[in-house]
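> Sharing a structure, written as structure tokens. Questions coming.
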Amino acid sequence: MSAARSTITVVAAVLRDGEGRVLLAERPAGKEMAGKWELPGGKVQAGESLHGALARELDEELGVRTLSSRPLLQLAHDYPERRVILHAREALHAGQPQSREGQSLRWVDLADEAAFATLDLLEADGPIVTAMGLPARYLITPPQLSAQEVGTFLHRAADAGIRLVQLRQPHADSAALGSLCAAFEQALGERARAGEVTPSWLLGGDPAQTVPLAEAHGALAGLHLPARFLGQLPRLRGLADERGWRLMCSCHDPDELATAAAHGADAAVLGPVLPTPSHPEAEPLGWARFAEWLIDLPLPVFAIGGMHEALLSTAWEAGAQGVAGIRGLAETTA
């Protein structure tokens, strides 16, 4: 009879340099899974807080001081010999990281897919890499946005620090939605040529309508699926991988979240968390239920419904990637 697997709790740090690159460490010879690359961190000892454990590990491993940290993603990963409960935290540090345990260190640009392809990353860190590449705010276009308004809308969003936008117009026909896609490409192309920061954008809606438009507009970053189309995730996952698209979706309950995670969504939005004018009939989840549903979920999730900038810290503490919305975030672009 085989022995029961042990469970350990681990905390891992997302450390960024001045260029936004993330620090990875190679497990040295003599350690379990030597040669694998991972985020720095280690086991949480009895009585330690997650922040306290992270600060201790980063001092021991890298000789840096942890100024602050906040949750990024919590997940459970099953290895043959044990189950790992992994808490990834964005950390602000002071000092230059040094190898104190014989490990190789490397700063990696998240956008450099070729660099990641050369690293043998620990399996458990895969979803965290996805989360690291996502911003904290996800802006959704207001209803009945016209092609003439797109340029102003995107410029204001980008200047307000928005880095991810969903073009969502559920009542537009394919011709109207195609005109909006063209307007998005033009506006963002103008910013790129001017050397200005350019948000990524996703096209939301029925895949029967959005996939052909996505094929025709190569500038977009991917697709966002309403919950009723989650059954199409396996088919679309393969297409997204071929095209280099991000695949996100909307969810409203634990079953939909589990489906999204199991079938390869890159991220999800979950709500409504708080009362929202766009869905007055929907019962809000509240932060406690939202946080409960995210425990051990290997998927970055944005809180939606009644969200605005001031709730970002609350969302992080509940385990969210960040906040998503139309009105609350659009106010920052007005």
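The values are calculated or read from the model by the stated rules, or taken from the named source; none is laboratory data. All values reported here derive from a predicted model rather than from experimental measurement. Here the Cβ is made from the backbone with ideal geometry for all residues, glycine too, and neighbour counts use every protein chain on show. Accessible surface areas use protein heavy atoms only, side chains included; no ligands, DNA or RNA. Shrake-Rupley method; radii C 1.70, N 1.55, O 1.52, S 1.80 Å.
> For residues that are open to solvent by less than 10 Å² (accessible area, probe 1.4 Å) and under 17 Å from Gln144 (Cα atoms), tally how many sit in the stretch 181-201.
Counting residues in the stretch 181-201 that are open to solvent by less than 10 Å² (accessible area, probe 1.4 Å) and under 17 Å from Gln144 (Cα atoms) gives 2.
> Scan the stretch 53-81 residue by residue and report those that are under 21 Å from His93 (Cβ atoms), in contact with a strand residue (DSSP E or B) (Cβ under 9 Å, 6 or more places away or on another chain) and outside any strand (DSSP E or B).
Within the stretch 53-81, Ala53, Leu54, Ala55, Arg56, Glu57, Leu58, Asp59, Glu60, Glu61, Leu62, Val64 qualify.
> Give me the pairs: first residue in the stretch 279-295 and in contact (Cβ under 8 Å) with a residue 24 or more places away in the chain, second residue part of a loop (DSSP other than H, G, I, E, B) and among the charged types (D, E, K, R), beta-carbon distance under 9 Å, and six or more apart or on different chains, which are they?
Taking only residues 6 or more apart or on different chains, the pairs are Trp293/Asp253.
> Still on this model: So Asp241 clears everything in (1) more than 27 Å from Ala124 (Cβ to Cβ); (2) at pLDDT below 95; (3) open to solvent by 50 Å² or more (accessible area, probe 1.4 Å) except one condition, right? Which one?
Among (1) more than 27 Å from Ala124 (Cβ to Cβ); (2) at pLDDT below 95; (3) open to solvent by 50 Å² or more (accessible area, probe 1.4 Å), the lone unmet condition for Asp241 is (1).
> Determine whether the stretch 187-205 contains at least one residue that is assigned to a helix (DSSP H, G or I), in contact with a helix residue (DSSP H, G or I) (Cβ under 7 Å, 6 or more places away or on another chain) and closer than 30 Å to Glu292 by Cβ. Break it down into steps so the answer makes sense when it comes.
In the first step, residues of the stretch 187-205 are kept if they are assigned to a helix (DSSP H, G or I); the result is 187-193.
Filter again for in contact with a helix residue (DSSP H, G or I) (Cβ under 7 Å, 6 or more places away or on another chain), leaving 187-188, 191.
In the following step, the residues that additionally are closer than 30 Å to Glu292 by Cβ were identified as none.
Looking through the stretch 187-205, none of the residues is assigned to a helix (DSSP H, G or I), in contact with a helix residue (DSSP H, G or I) (Cβ under 7 Å, 6 or more places away or on another chain) and closer than 30 Å to Glu292 by Cβ.
> Please enumerate the residues belonging to the stretch 58-110 that are within 20 Å of Glu26 (Cα to Cα), of a type in the set (S, T, N, Q) and open to solvent by 30 Å² or more (accessible area, probe 1.4 Å).
Matches in the stretch 58-110: Gln96, Gln98, Ser99, Ser104.
> Same structure, new question: What number of residues within the stretch 87-116 are among the hydrophobic types (A, V, I, L, M, F, W, C), under 15 Å from Ile128 (Cα atoms) and in contact (Cβ under 8 Å) with a residue 60 or more places away in the chain? Outline the logic, then answer.
Narrowing the stretch 87-116 to residues among the hydrophobic types (A, V, I, L, M, F, W, C): 88, 91-92, 94, 105, 107-108, 110-111, 114-116.
When the remaining residues are screened for being under 15 Å from Ile128 (Cα atoms), the result is 88, 91, 108, 110-111, 116.
Applying the additional criterion that residues be in contact (Cβ under 8 Å) with a residue 60 or more places away in the chain yields 88, 91, 108, 110.
The number of residues fulfilling the criteria is 4.
> Restricting the stretch 269-292 to residues that are small (Gly, Ala, Ser), open to solvent by less than 50 Å² (accessible area, probe 1.4 Å) and assigned to a loop (DSSP other than H, G, I, E, B), which is modelled with the lowest pLDDT?
Kept after step one, since they are small (Gly, Ala, Ser), are these residues of the stretch 269-292: 271, 278, 282, 286, 288, 291.
Applying the additional criterion that residues be open to solvent by less than 50 Å² (accessible area, probe 1.4 Å) yields 271, 282, 286, 291.
Within this subset, residues satisfying the condition of being assigned to a loop (DSSP other than H, G, I, E, B) are 271, 282.
Values: Gly271: 96, Ala282: 80.
Result: Ala282.
> Give the number of residues within the stretch 157-171 that are of a type outside the set (D, E, K, R), under 16 Å from His224 (Cα atoms) and surrounded by 20 or more Cβ atoms within 10 Å (Cβ to Cβ). Walk me through how you get there before you give the answer.
Taking the stretch 157-171 and keeping what is of a type outside the set (D, E, K, R), we get 157-158, 160-162, 164-167, 169-171.
So of that shortlist, the ones also under 16 Å from His224 (Cα atoms) come out as 164-167, 169-171.
Those left that are additionally surrounded by 20 or more Cβ atoms within 10 Å (Cβ to Cβ): 164-167.
Residues meeting the conditions: 4.
> Still on this structure, please answer the following. Looking only at residues in the stretch 295-310 that are of a type in the set (A, V, I, L, M) and out of contact with any helix residue (DSSP H, G or I) (no Cβ under 8 Å at 6 or more places or on another chain), which one is least open to solvent (accessible area, probe 1.4 Å)?
Going residue by residue through the stretch 295-310, those that are of a type in the set (A, V, I, L, M) are 295, 297, 299, 301, 303-304, 307, 310.
From the residues that got through so far, the ones that are out of contact with any helix residue (DSSP H, G or I) (no Cβ under 8 Å at 6 or more places or on another chain) too are 295, 304, 310.
Values: Ile295: 97, Ile304: 41, Ala310: 79 Å².
The extreme case among them is Ile304.
> How many residues does the stretch 14-40 hold that are open to solvent by 70 Å² or more (accessible area, probe 1.4 Å) and in a strand (DSSP E or B)?
Qualifying residue count, the stretch 14-40: 1.
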